[in-house]
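Inspection log for the structure reproduced underneath, given as structure tokens.
Taken together, the values in this text are just the output of simple stated rules run on the coordinates, not laboratory data. The structure displayed is predicted, hence computed values, not measured ones. All Cβ positions, glycine included, derive from the backbone under ideal geometry; neighbour counts span all protein chains shown.
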Amino acid sequence: MSATAETRKFEAEVAQVLHLVTHSLYSHKEIFLRELVSNASDACDKLRFEAIAHPEWLADDPELRIEIAVDRDARTLSVRDNGIGMSRDEIVANLGTIASSGTRRYLESLGERKGEANLIGQFGVGFYSSFVVADRVSVVSRRAGEAGGVRWESDGKGEYTLADVDAPARGTTVTLHLKPDEDEFLQDWTLRSLIARYSEHIAFPIRMQKAKEGDAGGEWDTVNSASALWTRPKSELSDEDYQGFYKTLSHDYSDALAWTHNRVEGNQNFTSLLYIPSKAPFDFGNARDERKGLKLYIRRVFIMDASEQLLPAYLRFVRGVVDSDDLPLNVSREILQQNRQVERIRGACTKRVLDLLDKLARDDADKYATFWGAFGHVFKEGIAEDATNRERIAKLLRFASTKSDGATPTVSLDDYIGRMPVGQDVIWYITADSYAAAKGSPQLEALKAKGIEVLLMSDRIDEWMAGYLTEYAGKKLRHVGKGEIELDAEAGERHKAAEEAASDLVARLKELLGERVGDVKVSKRLTDSPSCLVLDEYDMALHLKRVLKQAGHDVPGGAPVLEINPAHALVKRFEAETDPARAEDLALLLLEQAQVAEGAQLDDPAAFVQRLNRVLLGTPAA
Ligand code: ADP
């Protein structure tokens, strides 16, 4: 061994990934090829980008390419690129540790999802997937601009070796020594069909040697289309082309739901190809700050993933490519942040996505429902985030309602307005913890009795969104559980009479409930239930207050108002009760059942149960 040779241990997490990969990826073992080709393509992209500053790195061998070669006697398969390459330090950092944030997140998420380890196939674990089909992998690499190369080798069990080697040219060669029963990956047609399936739209030529009987190999030919698909005219592209490119781009197994491909020419020229996936990637959380999937190219050169600069956060589910003719190649992330041209591209991309969603909503309700199910909760953020497009975004919202079937959100604000009876000028909605709590809320009773539709909102984000969506198409939106409800003149008269008749009753309740309530009032909302809680028009909904409190925040606002229904038998019973202890039991139960109906946790559930039992059994109060 030379002085430069050494053996090192993998970082503990790598060993864990390798173990998982080799044991759970078996049903998708062929994805290793997609991963290696994708790494090779990234390496070519990086070189082309770095060659802007160092043209000599590219000049000696300017045709960037990926080569796949097999050696049937040695039973090896290798993937070679003439891209950026890796130095010794880079190889240690990239292949000896968990370099990919995706893989790291995958590992973390396995905490709760151990049983779904086969999901790893959909996830892409990059280079390490080689060990599913190989019992030994060697990587020889030479960094562009450096003289010597480095060889990394491992059996994927816990250690790897490193040695300095002579590498004839820049780039990386990954060689897999196939396991005994993996001969299929030595077959020419297997490899060609895998490339067609997964890597057809890689923008660099992927070349293979023509199979020749009894010979080490014949001529090389290119096995993919190797063009930047987005630069081709729409008329030449089929749906299969678009779907194939989507899969190469996103590593998604499923088809995209829809896409929009546009070329803008004028004082600024750029091309955009934007996709809406059909389902959320499995690690698509609410991480607004870590966004990926929209690639910025400048005159065909990949610059960086610039999702954050090119689209607002509420469209972070979009995948695709933007290729600008005008931006300077040496653009940095900081410059992108405040560049007027980029701002215009961002505005145009946002408009394209909204146009696409409009079209989907109009022409294909099923697809739109799929979109809404996967990304609706993210899209809603746009109401707050994008004031310019608020009306357009609002048009695309979907809700459950008292007039739709089940919890699936299918009702648009336009549907709602179209069904509004003459004389109604407000769009009513309610927010709650769950669909059931919203649908069953006593606050809806009077509106329901009058046949007025109410939108039922139960996404966490809804209350926040509604704060920004105060009006649509000239109609105010109002929460049924907040503020005064104005009914027609006749009902107003009746209410006034009821209030007068119940004034003693209300005064007694106030006295008994004290600080627990902000006030006690005769309700205009209730028809069937004895009581409910309501808020001021500008108060935060109770379920949201709970969330904030649990998270340790100070929550503004006092106690909610208790509204009662004097016509209800339980309220009548309270009114007639002469025993002070029993009257107190009944008063508290009126409050507590309003809290339960609203989804709250009672302060003292045991006391509530005892109280309830005393009233049910008619036993004397404590
Ligand atoms: P990912 O591609 O998701 O980052 P991988 O495990 O596949 O994860 O690769 C880890 C890193 O190793 C890559 O991010 C890249 O920096 C480096 N790498 C892998 N293959 C190559 C290659 N062919 N040329 C240059 N660098 C590579």
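Structure notes:
- Loop-located chymotrypsin sites (Phe, Trp or Tyr not before Pro) in region 533-622 (DSSP state not H, G, I, E or B) with no more than 11 neighbouring Cβ atoms inside 10 Å: Tyr538.
- Checked against a 19 Å cut-off, the cross-linked pairs Lys247/Lys395; Lys510/Lys549; Lys9/Lys29; Lys521/Lys545; Lys524/Lys572; Lys482/Lys521 give Cα-Cα distances beyond that limit for Lys247/Lys395; Lys510/Lys549; Lys9/Lys29; Lys521/Lys545.
- Cα-derived Rg over Rh, computed across the chain with Rh taken as Kirkwood radius: 1.12
- Residue exposure sequence - Trp372, Trp230, Trp220 - by fewest surrounding Cβ within 10 Å: Trp220, Trp372, Trp230
- CD proxy at 222 nm, helix term only [per DSSP H run n ≥ 4: -39500 (n - 2.57); per residue of the chain; nearest 500]: -11500 deg cm²/dmol
- Alpha carbon centroid spacing (whole Å) that separates region 498-522 from region 6-41: 69
- Rh by Kirkwood over Cα pairs, then Stokes-Einstein D for region 532-622 at 1.306 mPa s and 10 °C, µm²/s: 108
- Over region 355-426, the reciprocal of the mean inverse Cα-Cα separation, the Kirkwood hydrodynamic radius, stands at 13.1 Å.
- Of Lys292/Lys475; Lys359/Lys476; Lys234/Lys292; Lys234/Lys403, pairs whose Cα-Cα distance is over 32 Å: Lys292/Lys475; Lys234/Lys403
- Nearest-0.05 FRET efficiency for Thr578 and Ala93, computed from C-beta distance (R0 60 Å): 0.15
- Intensity falloff of region 490-532 expressed as log10 I(q)/I(0), Debye formula with alpha-carbon point scatterers, at q = 0.16, 0.19, 0.22, 0.23 Å⁻¹: -0.45, -0.63, -0.81, -0.86
- For region 376-534, pairs of C-alpha atoms spaced more than 28 angstrom apart make up 27 percent of the total.
- Projecting the alpha carbon convex hull of region 399-480 along each direction and taking the average yields 4.9 nm².
- Comparing region 505-578 with the 2.2 N^0.38 Å rule of thumb, its C-alpha radius of gyration ratio is 1.26 (two decimals).
- Linear extension gain, Gln341 paired with Ala59, 0.36 nm per residue minus alpha-carbon span: 98.4 nm
- Normalising by residue count, region 292-413 has a Cα convex hull of 108 Å³ per residue.
- Cα centroid separation, region 329-367 to region 68-99: 36 Å.
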